[in-house]
Amino acid sequence: MPQRKHKTVRRRPTAAPGLDLSFMNAARVITAAHQEVRLVMVGCGGTGSWLTPSVARIVRVLNESGTETSALFIDPDLIESKNIPRQNFCDAELRFPKAQTLAARYSLAWGVEIDAVMDHFKAEMIGSRWNRLTVVIGCVDNAAARQELAKTLAANAGDSPPHVWWLDCGNQRESGQVLLGSTNDPRALRSAFPLDGFCQQLPSPVMQCPDLLEPQPEELSHHNLSCAELALANAQGLIVNQRVAAEAADYLARLLIHQNLRRFATWFDLASGSVKNHFITQEAITSFDPE
């Protein structure tokens, strides 16, 4: 008897248990129509100093594509010997202002406009224009500075899409996070998805992680920590700031150049090599609106 031919049945691949496929349904961020881009980096220390070359490159690329783009670096501190080598400075730059040093270095290297302010950041430093898109990049290490950064999103009141975005960078000893947002008002998220596949509003970093506004023990004026305890509390790995800067640079490039950003929060841990993202889905964004 002739042998019966067995029909091959092709099965559609199924997700492994626990595998997050939300990226496949994630929406892209769309920004307000603009003729100008302004990148304002607050903090030029551990993370900020490593992020500055990427900011300069992004300014160069956007200018060459026809979008008028500039950057502003804000930091009140001078370069100290303890900043080397973990931060992006060298011995020849000791005792110079951090913001001014980085602005001069990369504006000359890349032929772009970068201004510097040697002062503590205040929300009033950020102005809002209908034809300008501003991204405030927080590279600070204290709650007081993040409170000022959070205030910058008030400029978006009534704007949809918003003209001001806040990209916040933070890290611990061997881990870190990058968070992107545009509003502190949960009600604004109800109009986050004007079209299927596109998102125009994201919850602010402090909506995502309210503890960013809680001072650490060493920030309190009445703390009783010894110098040794403070050093231990602030100890960080040699590479962690560069990793945060790389993640933040990718956010900026996808938001402003490639226009294909589909996530709004990233956490990583260097010890385990793990990375976790929150992708831009209606379920994820509307979860921040209690109504």
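Just so it is clear, none of the values below were taken in a lab; they were calculated from the coordinates. Keep in mind it's a predicted model, so treat the numbers as computed, not measured. Here Cβ is always computed from backbone atoms with ideal geometry, including for glycine, and neighbour counts include all displayed protein chains.
Observations, loosely collected:
- Fully extending the segment from Lys151 to Ser191, taken as 0.36 nm per residue of separation minus the present Cα-Cα distance, adds 12.3 nm.
- Put the Cα centre of segment 113-190 next to the Cα centre of segment 71-102 and the gap is 22 Å.
- By the compact-protein rule of thumb, 2.2 N^0.38 Å, the alpha-carbon radius of gyration of segment 31-286 corresponds to a ratio of 0.99.
- Estimated dipole of segment 31-286 in Debye, rounded to 20 [Cβ of Lys and Arg +1, of Asp and Glu -1, Cα centre]: 500
- Taking only the C-alpha atoms of segment 60-212, the Rg (one decimal) and the largest Cα-Cα distance, Dmax (whole number), read 17.2, 53 Å.
- Exposure proxy ranking, count of Cβ atoms within 10 Å, fewest first, for Met207, Met125, Met41: Met125, Met207, Met41
- The rule of thumb for compact globular proteins, 2.2 N^0.38 Å, goes into the C-alpha radius of gyration of segment 111-156 1.25 times.
- The slack between Ser160 and Glu174, meaning 0.36 nm per residue of separation minus the straight C-alpha distance, is 1.3 nm.
- Relative contact order computed over segment 31-286 (Cα-Cα under 8 Å; 6+ residues apart), in percent: 19
- Formal net charge of residues neighbouring Trp50 (Cβ-Cβ distance under 15 Å; K, R +1; D, E -1): 0
- Sorting the segments 161-172, 250-261 by their residues' average number of neighbouring beta-carbon atoms within 10 angstrom, most packed first, yields 161-172, 250-261.
- Once the chain from Gln282 to Arg60 is taken as fully extended at 0.36 nm per residue, the excess over their C-alpha distance is 76.5 nm.
- Cut-off 13 Å between beta-carbons: net charge of the residues surrounding Asp289, Lys and Arg +1, Asp and Glu -1: -1
- Max mean-square fluctuation residue, GNM over the chain, Cα-Cα springs under 10 Å, options Lys151, Lys276, Lys122: Lys276
- Summing Lys and Arg as +1 and Asp and Glu as -1 over all other residues whose Cβ lies under 12 Å from the Cβ of Ala109 gives a net charge of +3.
- The chain: most fluctuating residue of Thr31, Thr134, Thr67 per GNM, C-alpha cutoff 10 Å: Thr67
- Sites matching chymotrypsin sites (Phe, Trp or Tyr not before Pro) across segment 98-132 that sit in DSSP coil, with at most 15 neighbouring C-beta atoms within 10 Å: Trp130
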